[in-house]
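The values are calculated or read from the model by the stated rules, or taken from the named source; none is laboratory data. All values derive from a computational prediction rather than experimental measurement. Neighbour counts are summed over all protein chains in view; Cβ atoms, including those assigned to glycine, are modelled from backbone coordinates with ideal geometry. All accessible areas refer to the heavy atoms of the entire protein, side chains included, with ligands and DNA or RNA removed. Shrake-Rupley method; radii C 1.70, N 1.55, O 1.52, S 1.80 Å.
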Amino acid sequence: MVTNEPVASSESPREPDDVRVCCGGDCMARNAVQLVTVLEEAYKDDTTVSVATRNCTGYCSIGPNVDVNGNVVHHNTPRSVHENVENARTLPHNQGMVTDAAINLIIDREDLF
């Protein structure tokens, strides 16, 4: 017997990547609002990314900071933040503190995977 009922997928839907811009005092003084604007525009039609703000990450001296799935990326600028987030999205979740330079090193070193 043939039915037209949808077949359930064995894979559960993927949760969106969490991108949280630090809005603590120091990050705000370093243009965190511009980072939010850039990221909201970049991901406005992308359901695989959730952009929001968060409280202070605690890395005030090396901000502005963006938390991507539990990995905090430092030294973001409106020009670099989208690329930094894209690179951080490829890392395992909740690894802690990573810098923009470390992300680029990891991404460039395919032999590590």
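Do you know which residues across the stretch 68-108 are in a loop (DSSP other than H, G, I, E, B), at pLDDT 85 or above, open to solvent by less than 50 Å² (accessible area, probe 1.4 Å) and not small (Gly, Ala, Ser)?
Going residue by residue through the stretch 68-108, those that are in a loop (DSSP other than H, G, I, E, B) are 69-70, 74-80, 89-95, 99.
From what is left, the residues that are at pLDDT 85 or above are 69-70, 74-80, 89-94.
Narrowing further to those that are open to solvent by less than 50 Å² (accessible area, probe 1.4 Å): 69-70, 74, 76, 80, 89, 91.
69, 74, 76, 89, 91 - these are the residues of the stretch 68-108 that are in a loop (DSSP other than H, G, I, E, B), at pLDDT 85 or above, open to solvent by less than 50 Å² (accessible area, probe 1.4 Å) and not small (Gly, Ala, Ser).
Please name all residue pairs, on different chains or six or more residues apart, with Cβ atoms under 6 Å, provided the first residue is in the stretch 78-97 and is in contact (Cβ under 8 Å) with a residue 12 or more places away in the chain and under 16 Å from residue 40 (Cβ atoms) and the second residue is in a helix (DSSP H, G or I) and open to solvent by 70 Å² or more (accessible area, probe 1.4 Å).
78/34
Restricting to the stretch 47-67, count the residues that are assigned to a helix (DSSP H, G or I) and either open to solvent by less than 60 Å² (accessible area, probe 1.4 Å) or of a type in the set (Val, Ile, Thr) (or both). Step through it out loud before you land on a result.
Within the stretch 47-67, the first condition is being assigned to a helix (DSSP H, G or I), and the residues that meet it are 60-62.
From what's left, either open to solvent by less than 60 Å² (accessible area, probe 1.4 Å) or of a type in the set (Val, Ile, Thr) (or both): 60, 62.
Total meeting the criteria: 2.
Quickly run through the stretch 1-46 and pick out the residues that are surrounded by fewer than 17 Cβ atoms within 10 Å (Cβ to Cβ), at pLDDT 95 or above and assigned to a loop (DSSP other than H, G, I, E, B).
44, 45, 46
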